[in-house]
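Written out below as structure tokens is the structure these notes cover.
The values are calculated or read from the model by the stated rules, or taken from the named source; none is laboratory data. Model, not experiment: these values are computed from the prediction. Backbone-built Cβ (ideal geometry, glycine too); neighbour counts: all protein chains shown.
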Protein chains: 4
Amino acid sequence: MRLHRTSIDPTLWRRRFEVPLIIGAVLYLVAYSIQVTSHPGPAASRFLEGIVWGVWCLFLVDYLVSLLSAPSRGRWFIRHLHELVILLLPMLRPLRLLRLIPLLRVLNRSGGDALRGHIVLYVISAMTVLGYAGALAVLDVEQDAPGATIVTLPDALWWALTTVTSVGYGDYYPVTGAGRLVAAGLMIGGIGVLSAVTAAFASWLVENVGTARAEAEATASDTRMQDQLTSVSLQIDTLTRQLAHGSHPRHDSED
Amino acid sequence: MRLHRTSIDPTLWRRRFEVPLIIGAVLYLVAYSIQVTSHPGPAASRFLEGIVWGVWCLFLVDYLVSLLSAPSRGRWFIRHLHELVILLLPMLRPLRLLRLIPLLRVLNRSGGDALRGHIVLYVISAMTVLGYAGALAVLDVEQDAPGATIVTLPDALWWALTTVTSVGYGDYYPVTGAGRLVAAGLMIGGIGVLSAVTAAFASWLVENVGTARAEAEATASDTRMQDQLTSVSLQIDTLTRQLAHGSHPRHDSED
Amino acid sequence: MRLHRTSIDPTLWRRRFEVPLIIGAVLYLVAYSIQVTSHPGPAASRFLEGIVWGVWCLFLVDYLVSLLSAPSRGRWFIRHLHELVILLLPMLRPLRLLRLIPLLRVLNRSGGDALRGHIVLYVISAMTVLGYAGALAVLDVEQDAPGATIVTLPDALWWALTTVTSVGYGDYYPVTGAGRLVAAGLMIGGIGVLSAVTAAFASWLVENVGTARAEAEATASDTRMQDQLTSVSLQIDTLTRQLAHGSHPRHDSED
Amino acid sequence: MRLHRTSIDPTLWRRRFEVPLIIGAVLYLVAYSIQVTSHPGPAASRFLEGIVWGVWCLFLVDYLVSLLSAPSRGRWFIRHLHELVILLLPMLRPLRLLRLIPLLRVLNRSGGDALRGHIVLYVISAMTVLGYAGALAVLDVEQDAPGATIVTLPDALWWALTTVTSVGYGDYYPVTGAGRLVAAGLMIGGIGVLSAVTAAFASWLVENVGTARAEAEATASDTRMQDQLTSVSLQIDTLTRQLAHGSHPRHDSED
């Protein structure tokens, strides 16, 4: 089907580029963590910024290759518009909170199949990464704000946990607008995790408990019908044999 | 069926009146937002009040046309009694908090089909509007109350978010009876959102994962039965051919 | 089946005793509300206590009649052991918090059928009554406790709402052991409400969305099989007609 | 299949060792409760520590016997690796919080079947034990921490309840890293309980409400097909009888 458009096979590319992207995402996260938590000097800062931009270029290359190797480039562009937004938004300085979103692309890749286990695994791993990234981002914007309660990384992680699980003790909470936007993302993500786990559990139960009885009934009904078909087949066999051994044996004996 | 009752076609009316109602609802929300947040002077206040009442008249006209063009007016009146309540309640001064409820009618219209995606979209968009409206309403009644914590629009929006997602940090909470009633609505709405998202996810999983195995089994059983039917059909074919080529060929050769 | 055990028909009794039980439950709730909130004088207190015990006797009579008119008294006694516990526990003075539990029996009656709508209606109405009863009970035990935050009925109702919906702002919370036990009941009840609403929604979606495709496929498969059966039937018809119009017409013409 | 590997029958062992393990788990919990709450003297402390290690040995024996009596020891070892981790972790002094995890093994045993009721029962009983164990563990690490709010067992239990149900008033919350890790476990466990209860409810509703209509339709379709099969069978009967009573009676009469 996908003949002679480009020389790159998309599936092969995907498989080969998986590992560099994951390594890049981890580097990205580490560099951002150091930037936020330890206020590095100018040299270290420039080095960390270099890593962040290097990984960003990696994601850009992956995006461009995926676009160029798609069978229909226009349709791929429309369907993956959100990836372009994810890629371009972190370039704006005030939106540097969104820098961590490209990580979601790597996670989404590994959870490719639509199987129940993969969905739960994807949702939970996405929330773990998002929870950590959210904690970092909130710490980034809150730590110097007046009246802020979230000023250390352990507190930020603890706050992210109470937010994602919707417990919300209220011992820590964001006070800036940007921090509250991150919180909104974590809250909505928490609802997603709860939904996904519950739905996967429910679907598993429906499949394993609920349909057992229905299947047994369906099988019983099928068996009844197959028995009837077998007896019809035997009837025709009898009839055929009857015709073969003299056209009408019983009639003959009645003569 | 709906012959010569009125000259207005209800579906055509619905489609044509959609856009004015949406514009009206947005105006309504903007006018109410300004009234609540910026304490306008008497002239501006009268102008905003005019918009609110103008939009209310729009909703009244839509209600009356829908009623008059219904095939059975009595049944429509009974079934849409809640729309009358929604329309009449905001006329009472102390119930001006309910002014924003008519907006739900517009949202419900666009989510007409009973499809899973539409339900989730309706529930989420309804909660977004209700969350904003709830924040406005709570701000309206709380901002001048003694001991109130919710006194600015950003705080009210943040409070509405923590309430709908059931996180409830407790950094902001209503202290007046009216504010608590609005909070009750947001809490119940939040349970509805969580339920709808989870249920839609579960139903999608049941449809796509759970039934795959059951369908495969059903197909296998069907194939077995169709094979049996085909062999019965072939048996009859053989029998027919046997009868056609001399009544009993095998019997003849035995002679 | 249930011949000559007692002269009372259980279903008739159930239907006739429904209304007195509901009226009794409402009286019970009103009397308890007044006892808790307005610290009545000794005369009024004795009157209210009389109502509470009168309604208790009503529930006792209902229990005894149901027991005596059951087809198998022993089995009914075992299966309805929880009703005996519910009936006897409020007699102990320190457990007067449990006085309101008999109300659940009335609610359970009206929700007899196992239909989805009835379950949701039962769960929601049970939680409304339990929420009110829980607020009263918490107020009863907390209002005189040192360091208590829940000291008025509106605050108690607001606290019950934030607890059932699992929002938990933390502006009000019980500080006594008894109050915390009531809170535990409300929290567990809240989980029940959320579960019931979500499950009912999910089951409705599965029934209306999920099975539509499966049914269409099953119908298509059935139609295929019925067509095959019809063609087999026609084959036999042809064969029969062939035998009737001269045993082997085609063979004859070949001669 | 499992011929002459060891002389111990695994199922028999499981059934016989159930009661000692449960007694051991209860002793374990009691000894740990006393250690945490009442700061016992050196003699009592040594006695309690003896119980804890004695029960630990019991769990070790059970692990070893299960391993040795498994049909394929290697596969059993891989599949039950988490049990080894559960067994070895509490040996490290700083991880004594994890001492209570072996209790989960006993609970998991009794909930062997994959039935809906068993799952819910297992999840709820596991959460009850985990909630109590979590309260103990948090009290253990928090009671001497500066600025701690959880310093008595009732407060710890109340905190565990508000955490598992995700209410989170915020009147009590852990302040140490270890306490927050325990809290994370309780929060995640709470999501599990909510999911399990909702999923079990949903699957029960789907089975009892949703499939009733589908089954009725399937039965109707099956009946139609069986009727068709019966009429085909009757056609062949008629044909056979026709052949038996003179080859072509109607043809004869036409002569």
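Keeping to region A:229-255, report how many residues are at pLDDT 75 or above and either in contact with a Phe, Trp or Tyr (Cβ under 9 Å, 6 or more places away or on another chain) or facing chain D (nearest Cβ under 9 Å) (or both).
Of the residues in that region, 7 qualify.
Look through region B:33-76, keep the residues that are of a type in the set (A, V, I, L, M) and under 19 Å from residue B:136 (Cα atoms), and return whichever of them is surrounded by the most Cβ atoms within 10 Å (Cβ to Cβ).
Top of the filtered list is B:55.
Under the condition of being hydrophobic (A, V, I, L, M, F, W, C) and surrounded by fewer than 12 Cβ atoms within 10 Å (Cβ to Cβ), which residue from region B:216-228 is modelled with the lowest pLDDT?
Among them, the one singled out is B:216.
Among C:197, C:164, C:175, C:182, which is the only one that is more than 24 Å from residue B:147 (Cα to Cα) and at pLDDT 90 or above?
C:164
Tally time: how many residues in region B:142-167 are more than 10 Å from every other protein chain (Cβ to nearest Cβ) and crowded, with 24+ Cβ neighbours inside 10 Å?
So the answer is 4.
Of all residues in region B:21-32, count the ones that are without any contact (Cβ under 8 Å) to a residue 60 or more places away in the chain and surrounded by fewer than 18 Cβ atoms within 10 Å (Cβ to Cβ).
Qualifying residue count, region B:21-32: 4.
In region B:168-178, what count of residues is obtained for those that are crowded, with 24+ Cβ neighbours inside 10 Å and either touching a residue at least 60 places away in the same chain (Cβ under 8 Å) or assigned to a helix (DSSP H, G or I) (or both)?
Number of matching residues: 0.
Please find, within region B:104-136, the residue that is surrounded by the most Cβ atoms within 10 Å (Cβ to Cβ) out of those that are aliphatic (A, V, I, L, M) and at pLDDT 85 or above.
B:135
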